[in-house]
Amino acid sequence: MQGELAFIGVPTSAGAHHAGQDRAPAVLRERGLLSRLRSAGVPVTDSGDVAGEVWSPDAVGAAARNIAAVVRVARRVADAVERESRAGRVPLVVGGDCTITPGVVAGLQRVNDDVRLAYVDGDADLSSPERTRSGVLDATGVAHLLGIADTELARIGARHPLLAAHQLTLLGYDATDRDSYDAAALAARPELVHADDRRLREDPDGCTARALAALRDRGGRDAAVVVHFDIDAVDSRDLPLANFPHYGTGVPAETARRVLRGLLAAPGVAAVVLTEVNPTHDPDGALLDRYVELVVGALAGRA
Ligand SMILES: [Mn+2]
């Protein structure tokens, strides 16, 4: 990855189970994410926050909870990402819940025809809203990107579906989670390279290499690569910061850092998305400091 980073805060919990992660951009600034990046030799400018949305309860029977607010935020994200990318910077989009990532993809597609996404996440996020028990949109981002879910969120960009299967790779998901995993959806898309949390724990370097190769395959040498990192890819026994905890699944924090470092060092990285940190889980900030260290370590390893 080359070029100056542009920190874009996205203070939203609209797509989540409850409020809290809307506070992450401000708290991560307080914990020194930007100054620690600069100290590590990573140039970064603060592009401010887009207007956020705080979670609120929706109707009991709502199929896609808070969809209007989720879409408003995703559109703002797309605009900010397009602006920073056209200015020659690499957006570092700091959420906020995972429904911001379709916004990042849609924004970058206004600048580069071929956007590819490395999705490092404790969940596959392959559910359509109707298939979840909750209607919480956080677990549906990948389904929206691939056109499996068809709400307004899937249609915020110039194309539909936003991504073809070969433009996406999934790393670190929990294949036992029925609300977000869908084996049939993956089986129907053999060109989508993926590795669950168990495989990522066992062979992080091999999984990373296969993901990178896939992202450059099929004419992807000049593609714009987005790296998405949901903190719930990390086992909550190690670093319990995720909005929705993942105890006993995911990978150790050190493995996540290693995988991200490998992805971010690759050519073509055009945006980075950080999601699902809920600062209310960590009143004294010690876990947040470890998170900042993990992210800075990964970003400082770029080529
Ligand atoms: Mn996620």
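Given the condition away from the ligand (no atom under 16 Å from the Cβ), under 21 Å from residue 34 (Cα atoms), in a helix (DSSP H, G or I) and in contact with a helix residue (DSSP H, G or I) (Cβ under 6 Å, 6 or more places away or on another chain), answer yes or no: does some residue in segment 91-100 qualify? For segment 91-100, residues away from the ligand (no atom under 16 Å from the Cβ), under 21 Å from residue 34 (Cα atoms), in a helix (DSSP H, G or I) and in contact with a helix residue (DSSP H, G or I) (Cβ under 6 Å, 6 or more places away or on another chain): absent.
Checking 22, 49 one by one, the residue that is among the charged types (D, E, K, R), on the phi < 0 side of the Ramachandran plot and within 16 Å of the ligand (Cβ to nearest atom) is 22 and no other.
Of the numbered criteria (1) modelled with pLDDT under 95; (2) outside any loop (DSSP other than H, G, I, E, B); (3) within 16 Å of the ligand (Cβ to nearest atom), the one residue 134 fails is (2).
Is at least one residue of segment 139-149 closer than 30 Å to residue 262 by Cα, in contact with a Pro (Cβ under 6 Å, 6 or more places away or on another chain), in a loop (DSSP other than H, G, I, E, B) and more than 16 Å from the ligand (Cβ to nearest atom)? Yes; the residues of segment 139-149 include at least one that is closer than 30 Å to residue 262 by Cα, in contact with a Pro (Cβ under 6 Å, 6 or more places away or on another chain), in a loop (DSSP other than H, G, I, E, B) and more than 16 Å from the ligand (Cβ to nearest atom). For segment 20-36, the set of residues classified as surrounded by 16 or more Cβ atoms within 10 Å (Cβ to Cβ) and either touching a Ser or Thr at 6+ places or on another chain (Cβ under 6 Å) or under 14 Å from residue 8 (Cβ atoms) (or both) consists of 20, 21, 22, 24, 25, 28, 29, 33, 34, listed by residue number. Contact map, segment 109-122: first residue in contact (Cβ under 8 Å) with a residue 12 or more places away in the chain and more than 18 Å from residue 210 (Cα to Cα), second residue within 16 Å of the ligand (Cβ to nearest atom) and part of a strand (DSSP E or B), Cβ cut-off under 9 Å, separation 6 or more or different chains; pairs are 122/172; 122/173; 122/230; 122/234; 122/242; 122/251.
Restricting to segment 115-131, what's the tally of residues that are away from the ligand (no atom under 16 Å from the Cβ) and either in a loop (DSSP other than H, G, I, E, B) or under 15 Å from the mean Cα position of the chain (by Cα) (or both)? The number of residues fulfilling the criteria is 2. You will find that of 264, 215, the residue that is away from the ligand (no atom under 16 Å from the Cβ), in contact with a Lys or Arg (Cβ under 7 Å, 6 or more places away or on another chain), farther than 23 Å from residue 140 by Cβ and of a type in the set (A, V, I, L, M) is 264 and no other.
Give the number of residues within segment 231-284 that are polar (S, T, N, Q), part of a loop (DSSP other than H, G, I, E, B) and out of contact with any Pro (no Cβ under 6 Å at 6 or more places or on another chain). Residues that pass the stated criteria total 3. Select from segment 218-261 the residues that are aromatic (Phe, Trp, Tyr) and either crowded, with 24+ Cβ neighbours inside 10 Å or within 15 Å of the ligand (Cβ to nearest atom) (or both) and list them in ascending order. 229, 244 - these are the residues of segment 218-261 that are aromatic (Phe, Trp, Tyr) and either crowded, with 24+ Cβ neighbours inside 10 Å or within 15 Å of the ligand (Cβ to nearest atom) (or both). Residues in segment 1-41 that are among the hydroxyl-bearing types (Ser, Thr, Tyr) and either under 30 Å from residue 133 (Cβ atoms) or in contact with a helix residue (DSSP H, G or I) (Cβ under 7 Å, 6 or more places away or on another chain) (or both): 12, 13. On inspection, residue 73 fails the criterion of being in a helix (DSSP H, G or I), surrounded by fewer than 24 Cβ atoms within 10 Å (Cβ to Cβ) and at pLDDT 95 or above.
Against the criterion of being more than 29 Å from residue 32 (Cβ to Cβ), away from the ligand (no atom under 16 Å from the Cβ) and in contact (Cβ under 8 Å) with a residue 24 or more places away in the chain, residue 288 does not qualify.
Mind checking whether some residue in segment 48-65 is part of a strand (DSSP E or B), at pLDDT 95 or above and out of contact with any helix residue (DSSP H, G or I) (no Cβ under 8 Å at 6 or more places or on another chain)? Within segment 48-65, one or more residues are part of a strand (DSSP E or B), at pLDDT 95 or above and out of contact with any helix residue (DSSP H, G or I) (no Cβ under 8 Å at 6 or more places or on another chain). Residues of segment 156-193 that are touching a residue at least 24 places away in the same chain (Cβ under 8 Å) and of a type in the set (Lys, Arg): 159, 189.
The values are calculated or read from the model by the stated rules, or taken from the named source; none is laboratory data. Fair warning: this is a prediction, and the values are worked out from it, not measured in the lab. Please note: Cβ atoms are built from the backbone with ideal geometry, for glycine as well, and neighbour counts cover all protein chains shown.
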